[in-house]
Amino acid sequence: MENLEIEIKDNPLLEKIKNGEEVLWINPGKIPFREASKDLPLTEEDIEDARKRLERFAPLLMKYFPETRERNGLIESPLTEIPYMKKRLEEKYGKKCRGRLFLKEDNRLAIAGSVKARGGIYEVLKHTEDLALAHGLLKPEEGYEHLGDPEKKKFFKDYTIQVGSTGNLGLSIGIISAVLGYKVIIHMSADAKQWKKDLLRSYGVDVREYQSDYGKAVEQGRKLSAQDEKSYFVDDENSKDLFLGYATAGKRIADQLQEAGIAVDQEHPLFVYIPCGVGGAPGGITFGLKEIYGDHVHCFFAEPVQAPCMLLGMSTGLHDRISVEDVGLTGKTQADGLAVGRPSAFVGKVMEPLLSGAVTVKDEKLYRYMKDLLDTQDIFLEPSACAGFQGPVGLWGNPAFEEYLKKNHLEDSMDRASHILWATGGSLVPEEIRRNYIKEAEKL
Ligand SMILES: *Cc1c(COP(=O)(O)O)cnc(C)c1O
């Protein structure tokens, strides 16, 4: 702690963070992608490998999750332009949004209803393929859909999958693992919402509840899993597979932009705003996008003012050696998916040369964004997923952002920019809980 105080003293940004103020941080460590990519621990080939694996599993997903059939077994979401919300934000926050505003609707992803369907399901499928290959369960003449057959399910019954979660990762891992036949133990932090635990239990998942935060739930899960050689732990803080599952979003969205006739180049910059918890989802997505668009895509993370763990880790360079509690924040937020006190060091280091910056947002603003989006576009997001809106709102007119545009020679191309808010969750939220959220928003 003493060292920590020495390392973080005389830092005006930190003063604001400590006071729970909304901030914008521009990453001074970002470098041209061509240089950055040389030193990254993962490559485009790794993403391609993940993409192909998901294609191999598509027939299985179509068989057991009929809602994936319309996309041929791929778990993907629409990219939706939201002009009415853009107008509402401009009116409310008194700034002009230059360019077009889109919502990437991961709130509608099949199976898990959140961005966690990308990483979580991918990692469980990869583990399943590894086990199946090692035990001769994949016969050359059979497709992957046979991995769900009764005798194979019986095999997977002997194996356990465990994960620590604030809710949505548990949902994604729990549902896919239970359907494949695994025993599943989900270690839920105190922030996890009751309905998420109830839904998992309806799939026969063993949900363990902890009175402590997310970091402790992960620690418990990791420990318990290590005691059982047939147990596999999905490590949200360190997993490269999770990260690669998220990274496959890059090519998918590039295809969607191309289909919609939207260019991304120096004349047409792309800005992406992604809610951030421990960092895996936004980090993976950023990596995937950077591999495609390089310097033409500008990625910003958004975190709650009381749980800005990635911002703290990256801006101090301390990564997982600093927690939000260390600077006197509570870590408590209604944005359960973002209620993380200590960031992933793995992700933070990968992001050092890639990320454009980060913003923080107050909980009450999340409710306002939620209600405004519902009113203007008839789209419901859970509060965590609304953090992305703070991206444009926090950047517009901010001198630090003007400076960023100048430095990147973007001032003249902003009218041709596209902005994508990554909507990370919402479709599984039960009707009654939605009504409560909306009531909360109406009180503000
Ligand atoms: C988990 C989650 C995030 C952030 O993902 P991390 O990998 O924890 O950074 C964002 N939004 C929602 C709704 C989530 O569930």
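The values are calculated or read from the model by the stated rules, or taken from the named source; none is laboratory data. Everything numeric in this text was worked out from a predicted model, so none of it was measured. With ideal geometry, Cβ positions are generated from the backbone for all residues, glycine too; neighbour counts draw on all protein chains shown. Remember, those area values only see protein heavy atoms, side chains included, never the ligands or the DNA or RNA. Shrake-Rupley method; radii C 1.70, N 1.55, O 1.52, S 1.80 Å.
Positive end of the charge dipole of region 334-444 (Lys, Arg +1 and Asp, Glu -1 on Cβ, about the Cα centre): tell me which of Q390, A345, L421 has its Cα farthest that way.
Farthest towards the positive pole: A345.
Evaluate E = 1/(1 + (r/R0)^6) for R208 and D412, where r is the Cβ-Cβ distance and R0 equals 41 Å; express this FRET efficiency to the nearest 0.05. Numbers along the way, then the final one.
Details: r = 55 Å, r/R0 = 1.34.
For R208 and D412, the calculated efficiency is 0.15.
Give me the percent of DSSP beta bridges within the chain that run antiparallel, rounded to the nearest 5. It would help to have the intermediate numbers written out before the result.
Numbers: 8 of 43 bridges.
For the chain, the DSSP antiparallel bridge percentage is about 20.
Per residue and in Å³, how big is the convex hull formed by the alpha-carbon atoms of region 193-247? Provide the component values of the computation, followed by the final result.
Numbers: hull volume 6.7 nm³, N = 55.
Given the Cα convex hull of region 193-247, per-residue volume reads 121 Å³.
Accessible area per residue of the chain at 1.4 Å probe, in Å²? Mind showing how you got there, number by number?
Numbers: 17920 Å² over 444 residues.
Value returned for the chain: 40 Å² of accessible area per residue.
Heavy atoms only, probe 1.4 Å: what % of the accessible area of the chain goes to carbon and sulfur, would you let me know? All intermediate terms of the calculation are to be shown ahead of the outcome.
Values: 8440 of 17920 Å².
Carbon with sulfur: 47 percent of the solvent-accessible area.
In bins 10 Å wide, starting from 0, what share of all Cα pairs of region 283-349 does each bin hold, as a percent?
Going out from 0 Å in 10 Å bins, region 283-349 shows 22, 45, 26, 6 percent.
What's the magnitude of the charge dipole for the chain around its Cα centre, counting Lys and Arg as +1 and Asp and Glu as -1 at the beta-carbon? Answer in Debye, nearest 20.
Details: 60 positive and 71 negative charges, 159 e Å.
Dipole magnitude for the chain comes out near 760 debye.
For region 49-95, what is the convex hull volume of the alpha-carbon atoms per residue, in Å³? Write out the running numbers ahead of the final one.
Numbers: hull volume 5.4 nm³, N = 47.
Measuring per residue, one finds 115 Å³ for the Cα hull of region 49-95.
Average the reciprocal distances over every distinct pair of alpha-carbons in region 98-144, invert the result, and give the Kirkwood radius in Å.
Kirkwood radius, region 98-144: 13.3 Å.
So what's the convex hull volume per residue for the Cα atoms of region 41-142, in Å³?
On the way: hull volume 15.7 nm³, N = 102.
In region 41-142, the Cα hull volume divided by residue count equals 154 Å³.
Can you give me the Rg/Rh ratio for region 375-428, using Cα atoms for both radii and the Kirkwood formula for Rh? Before the final figure, lay out the partial values.
Numbers: Rg = 14.2 Å, Rh = 13.1 Å.
Rounded to two decimals, Rg over Rh is 1.09.
With springs connecting C-alpha atoms under 10 Å apart, model the chain as a Gaussian network and identify which of K290, K30, K86 has the largest mean-square fluctuation.
K30
What are the residues whose amide H is under 5 Å from the amide H of V207, where those residues sit 5 or more places off or on another chain and H is modelled from the backbone?
I186
So what is the 222 nm mean residue ellipticity for the chain from helices alone, if each DSSP H run of at least 4 adds -39500 (n - 2.57) and you divide by all residues, rounding to the nearest 500 deg cm²/dmol? Don't skip to the answer; put the middle values down first.
Working: 19 runs with 201 residues, N = 444.
Computed mean residue ellipticity for the chain: -13500 deg cm²/dmol.
Would you kindly derive the ³J(HN,Hα) couplings of region 300-311 from the backbone phi angles with the Karplus curve 6.51 cos²θ - 1.76 cosθ + 1.60 (θ = phi - 60°), listing them in order in whole Hz, with x for Gly and Pro?
10, 9, 10, 9, x, 4, 8, 9, x, 5, 5, 4
Once you have the Cα-Cα distance between T330 and D149, take 0.36 nm times their residue separation minus that, and quote the gain in nm to one decimal. Write down the numbers at each step before the final one.
On the way: separation 181, 0.36 × 181 = 65.16 nm, distance 4.72 nm.
Full-extension gain reported as 60.4 nm.
For the chain, modelled as a GNM with alpha-carbon contacts under 10 angstrom, which of K18, K157, K38 fluctuates the most?
K38
Can you tell me the order of 336-348, 46-58 when each peptide is scored by its average per-residue count of other Cβ atoms within 10 angstrom, highest first?
On the way: 336-348: 26.0, 46-58: 18.2.
Top of the packing list down: 336-348, 46-58.
Could you give log10 I(q)/I(0) at q = 0.12, 0.17, 0.22 Å⁻¹ for region 88-221, computed by the Debye formula over C-alpha point scatterers of equal weight, without solvent?
-0.57, -0.90, -1.24
Roughly what % antiparallel, to the nearest 5, for the DSSP beta bridges in region 182-319? Each step should come with its number before you reach the end.
Details: 1 of 11 bridges.
If I count the DSSP bridges inside region 182-319, around 10 percent turn out antiparallel.
Please list, short to long, the whole-number percent of alpha-carbon pairs of region 243-316 in consecutive 5 angstrom bins beginning at zero.
Answer for region 243-316: a P(r) of 3, 16, 24, 24, 16, 10, 6, 2, 0 percent.
What would the Debye formula give as log10 I(q)/I(0) at q = 0.19 Å⁻¹ for the alpha-carbon point model of region 145-246, no solvent?
-0.90
Checking the table K38/K230; K240/K371; K126/K154 against a 30 Å threshold on Cα-Cα, which pairs fail? Mind showing how you got there, number by number?
Working: K38/K230 37 Å; K240/K371 35 Å; K126/K154 18 Å.
From the list (K38/K230; K240/K371; K126/K154), the Cα-Cα distance tops 30 Å for K38/K230; K240/K371.
Run a plain Debye calculation on region 4-80 (Cα atoms as equal point scatterers, no solvent) and give log10 I(q)/I(0) at q = 0.24, 0.28 Å⁻¹, rounded to two decimals, same order as the q list.
Cα-only, vacuum Debye calculation for region 4-80: -1.08, -1.20.
Quick one: Cα centre-to-centre distance for region 170-199 and region 212-257, in angstrom?
When both Cα centres are located, 13 Å separates them.
Go ahead and set up a Gaussian network model of the chain, Cα springs under 10 Å, then flag whichever of D415, D241, D106 fluctuates most.
D415
Report P(r) for the chain: all Cα-Cα distances, bin width 20 Å, range 0 to the bin holding the largest distance, values in whole percent.
Reading the bins upward from 0: 27, 59, 14, 0.
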